[in-house]
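To start, the structure under review is shown below, and the notes come after it.
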Amino acid sequence: MASFKKFNLPFGNTNYPSSGEVTIYTQTAAQSSVVVGLSVSNKTEFDLPCDVWILKGGGSTKHYLAKSRRVPAGETVQLIDSGQKLVLSADSSVNDVVKVNAPTLDGGSATTFSCWLSIYEDVNS
């Protein structure tokens, strides 16, 4: 049975953009899910870039929803809104994964962004 879930996860890494990616969501096995909303919020006082991508089927190719997308200080950018949908699929061996990355300030450890993900999980395909 399908269920609606929301996730709010912080991210930011001192080694942006080369490493430090954060997994926001991993598709459950043997079902599909529909992403109905995805936004990123800059929690700092500075305009900063962020990356958001999908790894399809456990592969290594990044399918970007945002690449070095500058988000103004203290603002939220919607990458997927109510007019769009993104289907994440899975089978018994490989799953789609949503990942993000962004810099921290001056190499500090404080996260700079939050990612909001709204999803209908376990939808029959």
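Here are the numbers for the structure shown:
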| read-out | value |
| --- | --- |
| Every pair of residues 6+ apart whose Cβ atoms lie under 9 Å, when the first sits in segment 56-69 and is within 18 Å of Tyr16 (Cα to Cα) while the second is surrounded by 14 or more Cβ atoms within 10 Å (Cβ to Cβ) and among the aromatic types (Phe, Trp, Tyr) | Lys62/Trp53; His63/Trp53; Tyr64/Trp53; Leu65/Trp53; Ala66/Trp53; Lys67/Trp53 |
| Unmet requirement for Gly57, which otherwise passes all of (1) closer than 21 Å to Ala2 by Cα; (2) outside any helix (DSSP H, G or I); (3) not polar (S, T, N, Q) | (2) |
| Number of the condition not met by Asp51 [criteria: (1) among the acidic types (Asp, Glu); (2) surrounded by fewer than 17 Cβ atoms within 10 Å (Cβ to Cβ); (3) over 24 Å from Ala2 (Cα atoms)] | (2) |
| Scan of segment 60-78 for residues that are among the charged types (D, E, K, R) and either assigned to a strand (DSSP E or B) or more than 18 Å from Leu9 (Cα to Cα) (or both), ordered by number | Lys62, Lys67, Arg69, Arg70 |
| Looking only at segment 99-115, and only at residues there that are under 15 Å from the mean Cα position of the chain (by Cα) and in a loop (DSSP other than H, G, I, E, B), the one that is surrounded by the fewest Cβ atoms within 10 Å (Cβ to Cβ) | Thr111 |
| Meets criteria (under 18 Å from Asp122 (Cβ atoms), under 17 Å from the mean Cα position of the chain (by Cα) and among the small types (Gly, Ala, Ser)) for Ser19 | no |
| Output for segment 26-80, where each listed residue is among the β-branched types (Val, Ile, Thr), over 13 Å from the mean Cα position of the chain (by Cα) and under 24 Å from Tyr120 (Cα atoms) | Thr28, Val34, Thr76 |
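No lab work stands behind these numbers, since they all come straight from the coordinates. Values in this document were obtained by computation on a predicted structure and should not be read as measured data. Don't worry about glycine lacking a Cβ; one is built from the backbone with ideal geometry, like all the others, and counts go over all protein chains shown.
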